[in-house]
Amino acid sequence: MGFGAAARRCIGLLLLGLLWSRSAFAEPRLDISYLPDDKFPIEAIAQAPPQRWQPLEGDLLLGFTAKPHWIRIVVPALLKPQYLVVGNPSLDFLRIYQLLDGRWTNTVVTGNHFPFAQRPMPHRNFIVPLPAVNAGQTVYIWAQTDGVLHVPIEILSPETLAQSDQHYLLTQGMYYGFFLSIAVFAAFLWANHKESTYGLFGLLMLAYAAVEGVLSGLAFAYLWPDLPALNQVAMPLCLTAAVALAARFAISVLRLIPGEFGYYACQGAFYSGLILLLASPFLPLAIALKACMMLIGGHCALKPAWGFIGGPNAGQGAVVIVLHQLFF
């Protein structure tokens, strides 16, 4: 079997694994609707006319908006206890109310602005237990965030949640193991050869691992659970550090020199990332994240050109940049 056939087979297996991971634990569709927050108390929201609620076919995804929204989930009768899972660990504020037989049975206040221990369960996502009841129950969620308002909701059995976590943590372990092993190997090469390219590549791999750790919520769960303020700025810091390191790595691996397009493009990305890295702790999170998205968009748009325009290693550099594009 040639290298190309082996690569195609590996990619096919990876895609099948990703599809299985999204479908193996899928639950039946829920009766979910949403309503923009008009600063009414939960009692008034629960009495809102049905026509005011807008049905949801999938997740609530409204992009960058600081406006809070209410989400209503009508849960059918449960024969055994289940878990309500809000699968976005980056949400800043969540208030969850459970209504059963006309009584408010539970209220949860949580989110990224609170210590990790304030979550109902010690989990990277926000999970609320649902009791087994013969009648239906209704759950109301008030959500607000300075980033992207994305509220994916599932109701999972304890067994399904455990299987989903096992698969997710396995893939995350493979991800971190891959990048950390490359970073350690690059560190040994840098120590032996004193070549800055190896050091930059190792730091870049660590930056990629850090971005995934913050995005998945595992960094908050295991590294700084009592520092929600740090968790608020971690994503802009990791993203800008990754862009700056990627730009410096491209200059080094392609041996770009002043006077070439790629050199100035990389320098612009590097200094833009460095400035945003220093400024992001002092900016509102929404502005910092939008600036990061613009920086990453420009970085990814220009990156393929770096391997083809200028530089004595443009040919082999193109291969490096294309592979690099797959990860960032």
Worksheet item: Relative contact order, percent, of the stretch 60-118 when contacts are C-alpha pairs under 8 Å separated by at least 6 residues?
Response: 24
Worksheet item: Which residues' amide hydrogens lie under 5 Å from the amide hydrogen of Asp146, considering only partners 5 or more residues apart or on another chain, with H built in the peptide plane?
Response: Asp92
Worksheet, complete the sentence: Note to self: C-alpha centroids of the stretch 141-218 and the stretch 223-288 sit apart, in Å, by 18
Worksheet entry | Accessible area in square angstrom per residue, the stretch 23-158, 1.4 angstrom probe | 47
Worksheet item: Can you list the HN-Hα couplings for the stretch 185-194, worked out from phi with the Karplus curve (6.51, -1.76, 1.60; θ = phi - 60°), rounded to whole Hz and with x for Gly and Pro?
Response: 4, 5, 5, 5, 4, 5, 5, 7, 9, 6
Fill in: Accessible surface of the stretch 129-224, 1.4 Å probe, proportion on carbon and sulfur as whole %
67
Worksheet item: Amide H of Asp31: which non-local residues (sequence gap of 5 or more, or other chain) have their own amide H closer than 5 Å, using H built in the peptide plane?
Response: Val74
Item to complete: Rank these by accessible area, largest first, 1.4 Å probe: Thr65, Thr105.
Response: Thr105, Thr65
Worksheet item: Heavy-atom accessible area per residue, the stretch 231-284, 1.4 Å probe: how many Å²?
Response: 42
Fill in: Long-range amide H partners of Asn106 with built H, under 5 Å
Gln98
Fill in: Computed over the stretch 189-296: relative contact order in percent, which uses C-alpha pairs under 8 Å that are six or more apart
26
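The values are calculated or read from the model by the stated rules, or taken from the named source; none is laboratory data. In this text the structure is predicted, and so the values were computed from the model without any measurement. Accessible surface areas use protein heavy atoms only, side chains included; no ligands, DNA or RNA. Shrake-Rupley method; radii C 1.70, N 1.55, O 1.52, S 1.80 Å.
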